[in-house]
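Notes follow once the structure below has been shown.
The values are calculated or read from the model by the stated rules, or taken from the named source; none is laboratory data. Since we're looking at a predicted model, the values are computed, not measured. Positions of Cβ are generated from backbone atoms using ideal geometry, with glycine treated the same way; all protein chains shown enter the neighbour counts. Areas reflect the complete protein model, heavy atoms only, side chains present, ligands, DNA and RNA absent. Shrake-Rupley method; radii C 1.70, N 1.55, O 1.52, S 1.80 Å.
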Amino acid sequence: TKITDPGYPGSVSDGYIDHYLTGVSPDGRFWFISNLDDATDYNTLDRMQGEASPDRMIAAVPMQFEVVAFSQTTTEFFANTGSATGTFQNKRAVIDVGCAGRFTVQSIDNTLVWLGNDGIVYRINGYQKQRISTAAIERAIAGLNWTDAISYTHVDRGRVYYFLHFPDGHTWRYDCASQLWSRRESLGMDRWRVSHIVKWSG
């Protein structure tokens, strides 16, 4: 069903939590939620902004029962208070690094992994950042277009992988179990042709 509510600003990053749809406004000023159990109805009071820094919002991603709001230079956490309006409130927990590209954020292993605005790949550990990239990986991706980077995940025989794919560079794979990085490439290319993986019908 087409959303016609004038309170809906459009969205560049969508999610679902506690029977609410989440989104990020195209201009990056705020993230927002739908009304309860109604993805076509929106209240302009249910818009949240990052409070640690006046930078643009990049992505808002549900993680378990919280929403992690990634801005350009900071990352903040919001929780459902149960209020009728202003439902999600800032938990006053801040990570002092932002997100380089909204398509680099992935939910994996009960946490989130993303490419920071400093060119380092992190995972969330509690309310702290944990570096998972190596100095060699960081040198390899320096100077690439981080905004257009794409990430995706893959589970193969119980092993969980995070892929980071640069259209103007290489495709890197992180093994969550061994914590090792490797490169993927296709014949005649420096990167992998694959840009998304979907599990379907077993």
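How large, in percent, is the carbon and sulfur part of the accessible surface of the chain at a probe radius of 1.4 Å?
48 percent
Any chance you could check the Cα centroid distance between the stretch 1-44 and the stretch 164-202 for me, in angstrom?
Between the Cα centres of the stretch 1-44 and the stretch 164-202 lies a distance of 31 Å.
Hey, what's the chain come to in accessible area per residue, 1.4 Å probe, Å²?
52 Å²
Taking the Cα centre of the chain as origin and charging only Cβ (+1 Lys, Arg; -1 Asp, Glu), how large is the dipole, in debye to the nearest 20?
Dipole of the chain, to the nearest 20 debye: 700 debye.
So what is the 222 nm mean residue ellipticity for the chain from helices alone, if each DSSP H run of at least 4 adds -39500 (n - 2.57) and you divide by all residues, rounding to the nearest 500 deg cm²/dmol?
It lands at -1000 deg cm²/dmol.
Amide H neighbours of GLY101 under 5 Å, at least 5 residues apart or on other chains, H built in the peptide plane: list them.
LEU115
Among ILE95, GLY10, SER201, pick out the residue whose Cα is farthest towards the positive end of the charge dipole of the chain, where Lys and Arg carry +1 and Asp and Glu carry -1 on C-beta, about the Cα centre.
Of the listed residues, the answer is SER201.
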